[in-house]
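A.B. asks: Got a structure for you, questions after.
The values are calculated or read from the model by the stated rules, or taken from the named source; none is laboratory data. Please read all numbers here as calculations on a predicted model, not as lab measurements. Positions of Cβ are generated from backbone atoms using ideal geometry, with glycine treated the same way; all protein chains shown enter the neighbour counts.
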Amino acid sequence: MLLRATDAIQLNENQVTTPPPTIEQGFSTISVHAGEQRQKPINSITDPIVCASTYTFKDTQSVIDYIEQKQDRGEYGRYGNPGEQVVERKLAALEGAEQAILYSSGMAALVGLLTAKLSAGDEVIFFDECYHRSRQFCTQHLSRFGVVTRTVKTGDYEAMESAINQNTKMLISESPTNPHLSIVDLERFSDIGKRHQVDTLIDATLATPFNVRPIEYGVDFVMHSATKYFGGHNDLLAGVVAGSKEKLEEVRDLRGILGSVNSAHNVYLLERGLKTFELRMQRHNENGQLVAEFLENHPAVSRVLYPGLQSHRYHQLARRTMNGFGGLITFEVANADWKQTAAVVDNVQVPRIAPSLGGVESLIEQPLVMSYFNYPPAERTKFGITDNMIRLSCGIENGNDLVEDLSQALEHAHTA
Ligand SMILES: *Cc1c(COP(=O)(O)O)cnc(C)c1O
C-alpha cells in the first residue's frame, strides 16, 4: 500500500507510540528506543524531521472536531512537533517521570516552569550554590512581577525549612551544584516540600538521570539543560522539565504562549544525541573519576571538588544516591593568583576553552574570568568563586590523554 503524503505523518500521540514493552528495559535500550514508533510512517528507522510551521485540516468539520478534542493531532508549530513528542517521551522514560516538556534551552525551561507556577506575592527558596543565570532570573526579573526570592546556604535544611511561610510556593536546588559539586539529600529536600505542601524542583543537569533520578526521591519537578549531557555533542541548545502530568498541564499551556520551542532540526539532533546517552555517560563518569584522582594527588593542585572523591564533603551521600559522579571537576591551583591560574587554562592542549559542559569535547574555564569577571570581589567571595579556581568538563576523550595533558599544563602554573 502506498501512503498518501497526508497520511505519512500521524500526529496522534496514541497512534504513534509503540505499546509499552512487556520486558523491563535497561537504560541504553530506553535511550535508543523509548518514545519511538516501532514501525514509522515511511518505514524509515529514524524519525522524520517534520519541517512544518502549521498543520492542515481536510475540512471545516475536522477543525471543529479538533477544537472539541475529538481529534488529537497537530495544529500549529508553537504547540508542538512530532519529533518533539518523541524526545519528550524518551526523556520522561529516562527520568522515570509521567511527562516531560521540551524547551529551546535550559533557561527557557526554568523560566517556563517558574512563570507558570508563580504569581505576585509568592515566594521561592533557593539553595545558594547555583547557575548564576537561574539566580539572576529570580532576583532581577521575577522580582519585577512581585515574586520574592529567598536564598539559604546549600545543604542547610533547617534554614530552608524555617524560611518557608504561607507564601512559599517552590523550593529550588541544583544537585550536584555548579561549580561546587555539592550534593543535595533529595529525600530530605522533598520531605520538607511535602510536609509544607510546597513544590520542589531539582536542576539535575550535572547528574543526568543516568546518575540520579530525583523523581524517585519524591521531588516534584526535575529540570535539565539538555544542551549539556542529553544533547552531548556541543552542537545544540535545549531544556526539559519533567514531572507529573497533572502538575505540568499549565506549564505546557504556557509554553505554547511563550513560544520557547525547538526547531524540528534541533529536536532531531537531540534525539540522535540521546541514542548514545548511556555510553557517553559511562565514559564521562570514568574520566571524571580518573582525572579528579590525578588532580587530588598533584602537588600543584590545592583543592579538588568532585563527589567521587573521599575528600568531598558529600561523598557518602553521593555514594548512597548516585550511580556515578559525572564529568565536571572544579579544582584550585596551589598558591596561584588569577594569572598563574589562567596559565594552566591557556596551556592545555586537549580541552577547549569555553563555557558549558557535558559534551564529547572536554571544556576548561576559569569561573572568575568566564562567569564572574564583572562581579565585585566581595560578591565573588560570597558565591565561593576563588581566583585560582578552574572548572573542567571531562569529555569522552581517552582519560589518560586528559591526565597527561593536565600534567604538562600544571607545570606552567608558576612560570606565568
Ligand atoms: C547550562 C545550565 C543551565 C542553563 O541551560 P541553557 O541550556 O544554557 O539555557 C541551567 N542549569 C545548569 C546547572 C546548567 O549547567
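A.B. asks: Residues Ala204, Ala238, Ala242: which one is surrounded by 24 or more Cβ atoms within 10 Å (Cβ to Cβ) and out of contact with any Asp or Glu (no Cβ under 8 Å at 6 or more places or on another chain)? Write out each step before concluding.
C.D. replies: Numbers: Ala204 fails: out of contact with any Asp or Glu (no Cβ under 8 Å at 6 or more places or on another chain); Ala242 fails: out of contact with any Asp or Glu (no Cβ under 8 Å at 6 or more places or on another chain).
After ruling out the rest, the residue left standing is Ala238.
A.B. asks: Scanning region 213-224 for residues that are more than 22 Å from Leu363 (Cβ to Cβ) and within 14 Å of the ligand (Cβ to nearest atom), which turns out surrounded by the fewest Cβ atoms within 10 Å (Cβ to Cβ)? Explain how you work it out, then say what you get.
C.D. replies: If we filter region 213-224 for residues that are more than 22 Å from Leu363 (Cβ to Cβ), which is where we start, we get 213-222.
Then drop every residue that is not within 14 Å of the ligand (Cβ to nearest atom), which leaves 214, 221-222.
On the way: Pro214: 30, Phe221: 25, Val222: 27.
Only one residue fits best here, namely Phe221.
A.B. asks: Can I ask one more? Go through (1) touching a residue at least 12 places away in the same chain (Cβ under 8 Å); (2) within 17 Å of Ser225 (Cβ to Cβ) and name the single condition Glu161 misses.
C.D. replies: For Glu161, the exception is condition (2).
A.B. asks: Right, here's the next one. Please specify each residue of region 27-45 satisfying the condition of being touching a residue at least 60 places away in the same chain (Cβ under 8 Å) and more than 19 Å from Leu102 (Cα to Cα).
C.D. replies: Filtering region 27-45 for residues touching a residue at least 60 places away in the same chain (Cβ under 8 Å) gives 27-28, 30-32, 34.
Answer for region 27-45, where residues must be touching a residue at least 60 places away in the same chain (Cβ under 8 Å) and more than 19 Å from Leu102 (Cα to Cα): Phe27, Ser28.
A.B. asks: Can you tell me which residue is surrounded by the fewest Cβ atoms within 10 Å (Cβ to Cβ) among those in region 225-235 that are within 12 Å of the ligand (Cβ to nearest atom) and not charged (D, E, K, R)?
C.D. replies: For region 225-235, the residue satisfying everything is Asn234.
A.B. asks: Continuing with this model, one more query. Do we find a residue being in contact with an Asp or Glu (Cβ under 9 Å, 6 or more places away or on another chain), free of Cβ contacts under 8 Å to residues at least 24 places away in the same chain and surrounded by fewer than 23 Cβ atoms within 10 Å (Cβ to Cβ) anywhere in region 48-55?
C.D. replies: yes
Matching residues to (1) farther than 18 Å from Gln71 by Cβ; (2) within 25 Å of the chain's Cα centre (by Cα); (3) of a type in the set (D, E, K, R); (4) at pLDDT 95 or above:
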{"site": "Ser31", "(1), (2), (3), (4)": "yes, yes, no, yes"}
{"site": "Ile49", "(1), (2), (3), (4)": "yes, yes, no, yes"}
{"site": "Ser53", "(1), (2), (3), (4)": "yes, no, no, yes"}
{"site": "Phe57", "(1), (2), (3), (4)": "no, no, no, yes"}
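A.B. asks: When you look at Phe189, is it over 13 Å from Gly273 (Cβ atoms) and touching a Phe, Trp or Tyr at 6+ places or on another chain (Cβ under 9 Å), yes or no?
C.D. replies: Values: over 13 Å from Gly273 (Cβ atoms): yes; touching a Phe, Trp or Tyr at 6+ places or on another chain (Cβ under 9 Å): yes.
So Phe189 fits the description; yes.
A.B. asks: Please list, ordered by first then second residue, the pairs with beta carbon atoms under 7 Å, 6 or more apart or interchain, first in region 247-266 and exposed (fewer than 14 other Cβ atoms within 10 Å of the Cβ), second not in a helix (DSSP H, G or I).
C.D. replies: Going by the 7 Å Cβ cut-off, the qualifying pairs are His265/Ile49.
A.B. asks: Still on this structure, I have one more. Give region 359-379 a look and list any residue that's closer than 15 Å to Met389 by Cα and crowded, with 20+ Cβ neighbours inside 10 Å, or say none. Show your work before the answer.
C.D. replies: Going through region 359-379, the residues closer than 15 Å to Met389 by Cα turn out to be 363-373, 377.
Within region 359-379, Leu363, Ile364, Glu365, Gln366, Pro367, Leu368, Ser371 meet the criteria.
A.B. asks: Return yes or no: is Ser143 small (Gly, Ala, Ser) and within 14 Å of Leu110 (Cβ to Cβ)? Explain how you work it out, then say what you get.
C.D. replies: Values: small (Gly, Ala, Ser): yes; within 14 Å of Leu110 (Cβ to Cβ): no.
No: the conditions fail for Ser143.
A.B. asks: Among the residues of region 355-404 satisfying the criterion of being closer than 25 Å to Asn211 by Cβ and in a helix (DSSP H, G or I), which is farthest from the ligand (Cβ to nearest atom)? Lay out the reasoning, then the answer.
C.D. replies: The initial filter retains those residues of region 355-404 that are closer than 25 Å to Asn211 by Cβ, namely 355-365, 367, 370-371, 383-385, 389-403.
The next check asks that each one be in a helix (DSSP H, G or I); those that pass are 367, 370, 399-403.
Values: Pro367: 12, Met370: 12, Gly399: 22, Asn400: 27, Asp401: 25, Leu402: 20, Val403: 24 Å.
Here the answer is Asn400.
A.B. asks: Filter the strands (runs of 3 or more DSSP E) completely within region 92-188 down to those with at least 2 residues that are away from the ligand (no atom under 12 Å from the Cβ) and buried (at least 20 other Cβ atoms within 10 Å of the Cβ).
C.D. replies: Details: elements: 99-103, 123-127, 148-152, 168-174.
Correct list: 99-103, 123-127, 168-174.
A.B. asks: When only residues in region 189-236 that are part of a loop (DSSP other than H, G, I, E, B) and of a type in the set (Asp, Glu) count, which is nearest to Gln289 (Cα to Cα)? Steps first, please.
C.D. replies: Going through region 189-236, the residues part of a loop (DSSP other than H, G, I, E, B) turn out to be 197-198, 204-207, 212-213, 218-220, 226-236.
Still in the running and of a type in the set (Asp, Glu): 220, 235.
Working: Asp220: 30, Asp235: 25 Å.
Across region 189-236, the extreme among qualifying residues is Asp235.
A.B. asks: Would you confirm whether or not region 331-351 contains a residue that is out of contact with any Asp or Glu (no Cβ under 7 Å at 6 or more places or on another chain), assigned to a loop (DSSP other than H, G, I, E, B) and within 16 Å of the ligand (Cβ to nearest atom)?
C.D. replies: no
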